Amino acid sequence: MPFVECVKGTAVESLLEQARCVLVLRGDGVVLLDETGASKWSGGMADLRLHRLKVGIPQPDHVLLAGEVRAGDEVLDCTLGRGHDALVLEHVAARVVGLEKSLPLYAWTSEGLKRRGSRIECVNADAREHLRALPPRSFDCVFFDPMFSKRAQAEEGFSAVRRHAEAAPVDDALLALARRVARRWVVMKAAPQATDLRRLGLDVLPFKRHSELRFGRIAGATRAP
Ligand SMILES: C[S@@+](CC[C@H](N)C(=O)[O-])C[C@H]1O[C@@H](n2cnc3c(N)ncnc32)[C@H](O)[C@@H]1O
């Protein structure tokens, strides 16, 4: 990505004449600018979830629970987005790799995470290609949080994700690639109807508190007996 020095007196918006998106590295944060508007990266709900975990509020985090994520785990988040789930995974796991296919979202999130001092290894890649190149059983858990049409995400910043995200759903072939790489579970978030999860053969987890989301999982294909 070309780097452009800030010139006093020149509006950063003028760069949109040459580019679809501009990543603005401001003193107070990392901003993704496009013709629709500007969105500052933030930890959002991840900060609340991390606070709950740190102070020991007895409310399980469903991402951790679904993957049975424990200390020492290596996890692969195939749908990094804003990195919120990855931040929660990082709290427990030894290593988190996050894949993001969209270059604007990858740049926005990886820079936001870096400024926060996160250890998450962000990669600008299509999960399908990346999984294909990984050795079997290379991660304990593989996560997917794909886009779905009726996503009830009014949180600030999600509209930027919606504008730039890869929208293709997870299909059988992609799930098979993920199962090859997972030592324990492949976990997927879905809309409340959970039709995607059942269509792919995942078990829908009986979590009660999340009315807006469902979680499904399926064992890694090469799971040890
Ligand atoms: C719903 S968002 C994920 C939100 C994320 N779990 C979080 O906590 O911020 C889905 C993200 O996955 C990305 N994505 C979808 N399919 C992908 C693929 N095949 N490879 C890599 N990234 C993908 C989209 O571009 C989008 O940013």
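Every read-out reported here was derived from the displayed coordinates using simple, explicitly stated rules and does not represent laboratory data. These numbers come from a predicted model, not from an experiment. Ideal geometry is used to build each Cβ from the backbone, glycine not excepted, and the neighbour counts take in all protein chains shown.
Worth a mention:
- Of the numbered criteria (1) under 23 Å from residue 157 (Cβ atoms); (2) surrounded by 13 or more Cβ atoms within 10 Å (Cβ to Cβ); (3) within 16 Å of the ligand (Cβ to nearest atom), the one residue 66 fails is (1).
- Sub-8 Å Cβ pairs linking a first residue in the stretch 66-82 that is under 10 Å from residue 184 (Cβ atoms) and in a strand (DSSP E or B) to a second residue that is among the aromatic types (Phe, Trp, Tyr) and more than 13 Å from the ligand (Cβ to nearest atom), at least 6 apart or interchain, are 75/139, ordered by first then second residue.
- Taken over the stretch 76-103, the residue count meeting the criterion of being within 8 Å of the ligand (Cβ to nearest atom) and either among the small types (Gly, Ala, Ser) or under 16 Å from residue 131 (Cβ atoms) (or both) is 11.
- Strands (runs of 3 or more DSSP E) within the stretch 13-57 that include 2 or more residues within 16 Å of the ligand (Cβ to nearest atom): 29-33, 38-40
- Screening the stretch 104-205 for helices (runs of 4 or more DSSP H) wholly inside it with 1 or more residues that are near the ligand (Cβ under 9 Å from one of its atoms) and touching a residue at least 40 places away in the same chain (Cβ under 8 Å) returns the ranges 127-133, 158-164, 172-181.
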